[in-house]
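Participant: Attaching a single structure in structure tokens format; questions to follow.
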Amino acid sequence: MGNDSEFSISDWNKAKDEVKNILIGVARRKGRIAYSELAAQIQAISIEAHDFRMAKILGEVSTEEEEAGRGMLSVIVVHKSSDMQPGHGFFELAESLGKDTSDILACWVSEFNRVHDYWANRA
């Protein structure tokens with residue numbers, strides 16, 4: 001899968017692995033993380049919280065995790081202020097993966113709990 005950026009495939013994949021590992025650690029603690037906090041922890045590439053590539057990397061991670069039966073891992077990445085929920089792109093991806101997004105709050109809570117329940121039991 002191409003990364004549509006100046007990053008090499010190798011660096012992109014390293015960053016994706018970092019993102020996945022960071023998010024698994026947060027999920028094991030039944031926590032959540034702000035986009036900006038996640039961006040600051042990625043070492044393989046330099047990426048900002050509002051960069052379109054952040055949405056892309058989170059989308060790839062969530063799609064892979066959903067296909068593996070572990071839920072949309074990026075559900076725990078949220079806005080730092082205001083609604084403290086994932087961005088609009090999360091819900092677009094959820095819908096494309098067959099989730100019911102007619103009530104986005106219910107969709108978010110359901111997926112949030114699914115991911116936490118999966119990873120908290122595998123600490």
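Each value in this text was obtained by applying a stated rule to the coordinates, not by laboratory testing. Predicted, not measured: the structure shown is a model, and the values here were computed from it. Neighbour counts run over all protein chains shown; Cβ positions are idealised from the backbone, glycine included.
Participant: Let me know the shape class of the stretch 48-106, please: from the alpha-carbon gyration tensor, a ≥ b ≥ c as square roots of the eigenvalues, rounded when a/c is under 1.5, otherwise prolate if a/b is greater than b/c, or oblate.
Facilitator: Values: a/c = 1.81, a/b = 1.16, b/c = 1.57.
The shape class here is oblate.
Participant: May I pose another question? Using the crude model of +1 on Lys and Arg Cβ and -1 on Asp and Glu Cβ, and no other charge, please compute the dipole size for the stretch 30-76 relative to its Cα centre, in debye to 20.
Facilitator: Using only the charged Cβ atoms, the result is roughly 160 debye.
Participant: Right, another one. Which residue, chosen from 58, 38, 106, occupies the Cα position most advanced towards the positive end of the dipole of the stretch 10-120, where the dipole is computed from +1 (Lys, Arg) and -1 (Asp, Glu) charges on Cβ about the Cα centre?
Facilitator: 38
Participant: Hey, what did the chain get for relative contact order, percent, Cα under 8 Å, at least 6 apart?
Facilitator: With pairs under 8 Å counted, the relative contact order is 27 percent.
Participant: Rounding to the nearest 20 debye, state how big the charge dipole of the stretch 10-120 is about its Cα centre with +1 on each Lys and Arg Cβ and -1 on each Asp and Glu Cβ.
Facilitator: 420
Participant: Suppose the chain between residue 48 and residue 122 were pulled fully straight at 0.36 nm per residue; how much longer would it get relative to their current alpha carbon spacing?
Facilitator: 23.6 nm
Participant: Report D for the chain in µm² per second (integer): Stokes-Einstein, Kirkwood Rh on Cα pairs, 10 °C, 1.306 mPa s.
Facilitator: It diffuses with D of about 110 µm²/s by this estimate.
Participant: Hand me the tally of lysine pairs in the chain: alpha carbons under 20 angstrom apart, and the pair either on different chains or 8 or more positions apart.
Facilitator: Count of close lysine pairs: 8.
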